[in-house]
Amino acid sequence: MKRISYLFLFIAILLLAFNKTIAIPNPWTDCKDDISMASNIAGFNLPLRVKNYNARAMKGMIEITFPLNKRHNVTVRKTESYEGNADENGIKDISGNYNSYPVNKTIWIEKAVPFNVRGEKNKFHVANFAAETGYYSLYSEKGMKIKHITALYKLLAEAEAPRYSEDEKSSYTIEQLQDSRRIDDIVEPVYTQDCFPRTLEKKGVTFNCFERANLGEDSACSLSEIKMIKEYYKKGQNKDPLNDGSGEFCAKSDR
């Protein structure tokens with residue numbers, strides 16, 4: 001009987017030692033700040049790029065982590081296809097976060113885009129949504145407010161917008177947008193501007209320069225035009241179109 005017990009004990013020790021030697025291969029490749037490398041591995045592009053980011057990728061998925069604000073980071077994931085189950089809104093959870101939170105619900109961003117969010121009341125750690133360009137997730141260890149999720153969604157929507165050519169999308173970077181508005185430290189691209197400001201037109205800034213500068217490309221602008229555009233956003237004149245001192249806010253353009 002003792003021999004049988006010792007045999008089982010020996011087998012258990014062998015199995016334990018064997019299991020420790022088996023390492024599950026890590027599917028992720030750390031790409032640091034090389035988004036091109038991440039795109040090649042994943043097989044598609046995620047044109048969202050921010051300062052101080054770290055990217056990693058596996059076949060079929062890209063992940064970018066960057067500062068949400070001065071206090072904590074956010075991780076954005078994208079995949080074009082995912083075999084997981086979808087909810088009633090077609091959303092799939094690709095976050096890789098399996099923690100249980102007291103809040104698990106659907107919210108609507110801009111009254112049009114459903115997000116599945118998980119977290120605490122008014123502070124969400126995980127947010128997933130679906131779009132024509134793929135499935136996305138946002139994750140923050142310390143939590144995100146709805147305004148953070150909204151700002152991040154706008155960044156992704158603008159970066160993925162089909163109106164840009166592939167060359168423009170591949171070259172687009174958030175840091176190239178030297179002038180930007182902020183929502184609680186979240187960068188929101190200024191090219192969401194609805195019109196060409198008459199204030200700048202009167203100063204001699206061309207519409208072509210204004211449009212290209214808001215896409216992060218200043219090749220169509222003179223140094224004086226760039227300076228005037230920077231001053232325009234620095235003064236916050238775009239925040240109140242009825243009070244920017246120009247009389248009529250929107251100049252005519254050939255758009």
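Rg/Rh for the stretch 95-154 stands at 0.93; both radii use Cα atoms, and Rh follows the Kirkwood definition.
Projected onto their three principal axes, the Cα atoms of the stretch 29-160 cover extents of 37, 34, 28 Å, largest first. Using a cut-off of 26 Å between Cα atoms, the listed pairs 105/147; 78/230; 51/227; 59/147; 51/203; 147/234 include 78/230; 59/147; 51/203 as exceeding that distance.
All of the numbers you see were taken from the coordinates with simple rules; none came from a lab. Quick caveat, the model's predicted, so the values are computed rather than measured.
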